[in-house]
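*Asks:* Please read through the structure below; I'll follow up with questions.
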Amino acid sequence: MKSESRFLFVMLGFVLVLGAGLAALSYYNRPPQPPAVRETEIKLSDLLVSGKPEKGNPNARVVIVEFSDLQCPSCSRGNDTIEQLLLRYEGKIRLVYRHYPLDIHERARMYAMAAEAAHRQGKFWEMQDLIFNEQNATQKRLEEFAKSLGLNLEQFRKDMNSREVAQVIAEDLATGQRFGVSSTPTYFLFVGDKGRMIKGHTSLAAEVQPVMEGDS
Amino acid sequence: MSIIKLNRVMFALALAGMVVAGLLWYWHVQNADIPCTNAGCDRVAQHPTSRLFGIPVAAYGTLFYLSFAVLCAVRPSVREQRQRLLASLVLLWGTVGFLVSVYLTYLELFVIHAICQWCVVSAIIATALFVLSALAWRHPQAVTIPTEA
């Protein structure tokens with residue numbers, strides 16, 4: 001074999017070994033995953049507070065309470081799942097939204113404030129969708145969103161900076177923390193008053209489906 | 001640029017592509033949040049078209065770049081009579097990679113409606129490999145690699 005070939009193969013081998021080694025290392029050092037689903041002692045009444053954004057059938061027996069961060073990509077994906085579930089089991093699910101902006105996302109709190117400000121003018125879900133579609137939106141962009149939704153811009157700005165709106169988000173965060181939310185999205189799936197906690201969006205559909213099929 | 005240098009550049013690009021595709025493969029399998037300046041990467045990774053026969057597209061990409069690097073590494077060793085054949089193989093592989101990249105970029109833009117920066121990097125590398133493999137094929141020195149002293 002020519003020395004040039006040998007040199008290139010050594011380089012290739014080096015990159016392959018390094019890559020495989022790093023992958024193995026990060027795989028074995030990954031943080032232990034807490035069980036994605038667990039039964040909880042939470043009562044539905046612990047999480048239901050009037051005035052929260054919600055959709056679906058308000059009288060449905062199956063209630064999903066979602067703790068979400070608008071800058072978190074998994075929450076955006078989880079939202080797609082939720083939309084599909086609401087469509088598939090139309091009239092059989094009630095969805096309630098609670099804020100859980102994480103500190104690691106620098107704009108999450110601003111987004112939560114914007115969505116809550118939009119909620120005060122009845123456009124929470126529309127604002128949520130716009131933010132999920134553009135999770136790097138700036139303050140200026142949020143105002144453009146508000147404008148496109150036909151919100152009263154002055155009121156929107158005022159609410160976005162108001163203490164009351166900040167208070168709502170702080171309460172949601174405190175409630176989440178009290179009931180063991182530590183990452184987003186976290187869902188509480190209630191059938192009647194019996195609830196279970198689902199961490200992450202990946203197992204959400206698989207958890208909801210048997211409940212709904214048994215429900216019909 | 002001499003054919004040796006051209007071959008090295010292609011080899012280095014193939015290695016870079018392998019790293020990018022390998023990372024995407026790893027993140028896909030781990031269902032990790034992909035480092036991205038927007039939500040595009042996650043959207044693309046979550047889309048059904050990000051798998052083919054149950055295997056992540058990034059895995060095929062990794063194998064593509066790996067095989068390209070192997071072809072480049074083999075080339076300096078083959079006999080002069082076989083140089084043209086190997087150059088044609090490299091060009092064929094470069095063309096395949098380029099066409100697949102064009103198709104994947106089309107999927108991102110018009111089907112998934114999201115752009116993943118890592119995929120863009122991979123598409124740029126695949127395009128560069130295609131152009132360079134065509135140059136290497138046309139290169140007059142292609143068949144006259146000096147034999148080792």
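*Asks:* Go through (1) farther than 24 Å from B:Ala114 by Cα; (2) in a helix (DSSP H, G or I); (3) at pLDDT below 90; (4) not hydroxyl-bearing (Ser, Thr, Tyr) one by one and return the number of the condition A:Ala205 breaks.
*Replies:* Unmet for A:Ala205, out of (1) farther than 24 Å from B:Ala114 by Cα; (2) in a helix (DSSP H, G or I); (3) at pLDDT below 90; (4) not hydroxyl-bearing (Ser, Thr, Tyr): (1).
*Asks:* For the stretch B:61-89, how many residues are modelled with pLDDT of 85 or more and either within 24 Å of B:Leu23 (Cα to Cα) or not in a helix (DSSP H, G or I) (or both)?
*Replies:* Count: 13.
*Asks:* Does the stretch B:22-29 include one or more residues that are at the interface with chain A (Cβ under 8 Å from one of its Cβ atoms), crowded, with 21+ Cβ neighbours inside 10 Å and part of a loop (DSSP other than H, G, I, E, B)? Give the steps one after another, and end with the answer.
*Replies:* So the first thing to find is which residues in the stretch B:22-29 are at the interface with chain A (Cβ under 8 Å from one of its Cβ atoms), and the list is B:22, B:26.
Then keep just the ones that are crowded, with 21+ Cβ neighbours inside 10 Å; that gives B:22.
Filter once more, so that each one left must be part of a loop (DSSP other than H, G, I, E, B): none.
No; the residues of the stretch B:22-29 include none that is at the interface with chain A (Cβ under 8 Å from one of its Cβ atoms), crowded, with 21+ Cβ neighbours inside 10 Å and part of a loop (DSSP other than H, G, I, E, B).
*Asks:* Just give me the residues in the stretch A:1-55 being under 30 Å from B:Gly17 (Cα atoms), at pLDDT below 85 and of a type in the set (S, T, N, Q), in sequence order.
*Replies:* Those that are under 30 Å from B:Gly17 (Cα atoms), at pLDDT below 85 and of a type in the set (S, T, N, Q): A:Ser3, A:Ser26, A:Asn29.
*Asks:* A further question follows. I'm told A:Asn79 meets every condition in (1) surrounded by fewer than 22 Cβ atoms within 10 Å (Cβ to Cβ); (2) over 10 Å from the mean Cα position of the chain (by Cα) except one. Can you identify the failing condition by its number?
*Replies:* For A:Asn79, the failing item is (2).
*Asks:* If you don't mind, there's one more thing I want to ask. Does at least one position in the stretch A:84-107 carry a residue that is out of contact with any strand residue (DSSP E or B) (no Cβ under 8 Å at 6 or more places or on another chain) and farther than 30 Å from A:Leu44 by Cβ?
*Replies:* yes
*Asks:* Mind listing whichever residues of the stretch A:114-127 are buried (at least 23 other Cβ atoms within 10 Å of the Cβ) and of a type outside the set (D, E, K, R)? Full working, then the answer.
*Replies:* Step one: of the stretch A:114-127, the residues buried (at least 23 other Cβ atoms within 10 Å of the Cβ) are A:114-118, A:127.
Of everything in the stretch A:114-127, those that are buried (at least 23 other Cβ atoms within 10 Å of the Cβ) and of a type outside the set (D, E, K, R) turn out to be A:Ala114, A:Ala115, A:Ala117, A:Ala118, A:Met127.
*Asks:* Can A:Arg163 be described as loosely packed, with under 15 Cβ neighbours inside 10 Å and touching an Asp or Glu at 6+ places or on another chain (Cβ under 9 Å)?
*Replies:* Values: loosely packed, with under 15 Cβ neighbours inside 10 Å: yes; touching an Asp or Glu at 6+ places or on another chain (Cβ under 9 Å): no.
Answer is no for this residue.
*Asks:* Moving on to the next point. Given the residues B:Ala123, B:Ala134, B:Ala58, B:Ala128, which is the only one that is touching a residue at least 60 places away in the same chain (Cβ under 8 Å), among the small types (Gly, Ala, Ser) and part of a helix (DSSP H, G or I)? Walk me through it before giving the result.
*Replies:* Working: B:Ala123 fails: touching a residue at least 60 places away in the same chain (Cβ under 8 Å); B:Ala134 fails: touching a residue at least 60 places away in the same chain (Cβ under 8 Å); B:Ala58 fails: touching a residue at least 60 places away in the same chain (Cβ under 8 Å).
One residue alone meets the criteria, B:Ala128.
*Asks:* How many residues are within 13 Å of chain A (Cβ to nearest Cβ) and closer than 18 Å to B:Asn7 by Cβ if we restrict to the stretch B:50-81?
*Replies:* Of the residues in that region, 16 qualify.
*Asks:* If B:Arg51 satisfies every condition in (1) among the basic types (Lys, Arg); (2) under 22 Å from B:Leu132 (Cβ atoms); (3) in contact with a helix residue (DSSP H, G or I) (Cβ under 7 Å, 6 or more places away or on another chain) but one, which is the exception?
*Replies:* (2)
*Asks:* Filter the stretch A:128-146 for residues that are within 14 Å of chain B (Cβ to nearest Cβ) and surrounded by fewer than 18 Cβ atoms within 10 Å (Cβ to Cβ); which is nearest to A:His99 (Cα to Cα)? I'd like the intermediate steps shown before the answer.
*Replies:* Step one: of the stretch A:128-146, the residues within 14 Å of chain B (Cβ to nearest Cβ) are A:128-138, A:141.
Among the residues that remain, those that are also surrounded by fewer than 18 Cβ atoms within 10 Å (Cβ to Cβ) are: A:129, A:133-134, A:136, A:138, A:141.
Details: A:Asp129: 15, A:Asn133: 18, A:Glu134: 18, A:Asn136: 18, A:Thr138: 19, A:Arg141: 20 Å.
Among residues in the stretch A:128-146 that are within 14 Å of chain B (Cβ to nearest Cβ) and surrounded by fewer than 18 Cβ atoms within 10 Å (Cβ to Cβ), the one nearest to A:His99 (Cα to Cα) is A:Asp129.
*Asks:* Determine if the stretch B:103-120 includes at least one residue that is of a type in the set (S, T, N, Q), in a helix (DSSP H, G or I) and closer than 25 Å to B:Thr37 by Cα. Talk me through it step by step, then tell me what you get.
*Replies:* Restricting attention to the stretch B:103-120, the residues satisfying the condition of being of a type in the set (S, T, N, Q) are B:105, B:117.
Now restrict to residues that are in a helix (DSSP H, G or I): B:105, B:117.
Those left that are additionally closer than 25 Å to B:Thr37 by Cα: B:105, B:117.
Yes, the stretch B:103-120 contains a residue that is of a type in the set (S, T, N, Q), in a helix (DSSP H, G or I) and closer than 25 Å to B:Thr37 by Cα.
*Asks:* Report, ordered by the first and then the second residue, all pairs with beta carbons closer than 7 Å, sequence separation of six or more or different chains, a first member in the stretch B:34-49 that is over 16 Å from B:Thr105 (Cα atoms) and within 8 Å of another protein chain (Cβ to nearest Cβ), and a second member that is of a type in the set (Ser, Thr, Tyr) and buried (at least 21 other Cβ atoms within 10 Å of the Cβ).
*Replies:* Between residues of the stretch B:34-49 that are over 16 Å from B:Thr105 (Cα atoms) and within 8 Å of another protein chain (Cβ to nearest Cβ) and residues that are of a type in the set (Ser, Thr, Tyr) and buried (at least 21 other Cβ atoms within 10 Å of the Cβ), the close pairs are B:Ala39/A:Ser76.
*Asks:* Take A:Lys52 and decide whether it is within 13 Å of A:His99 (Cβ to Cβ) and more than 14 Å from every other protein chain (Cβ to nearest Cβ). First the steps, then the outcome.
*Replies:* Values: within 13 Å of A:His99 (Cβ to Cβ): yes; more than 14 Å from every other protein chain (Cβ to nearest Cβ): yes.
The answer is yes for A:Lys52.
*Asks:* Is it the case that B:Thr105 is away from chain A (no Cβ under 11 Å), within 17 Å of the chain's Cα centre (by Cα) and closer than 30 Å to A:Asn133 by Cα?
*Replies:* Values: away from chain A (no Cβ under 11 Å): yes; within 17 Å of the chain's Cα centre (by Cα): yes; closer than 30 Å to A:Asn133 by Cα: yes.
Judged against the criteria, B:Thr105 is a match.
The values are calculated or read from the model by the stated rules, or taken from the named source; none is laboratory data. Please read these numbers as outputs of a predicted model, since none were measured by experiment. For neighbour counting, all protein chains shown are included, and Cβ atoms are generated from backbone atoms with ideal geometry for every residue, glycine included.
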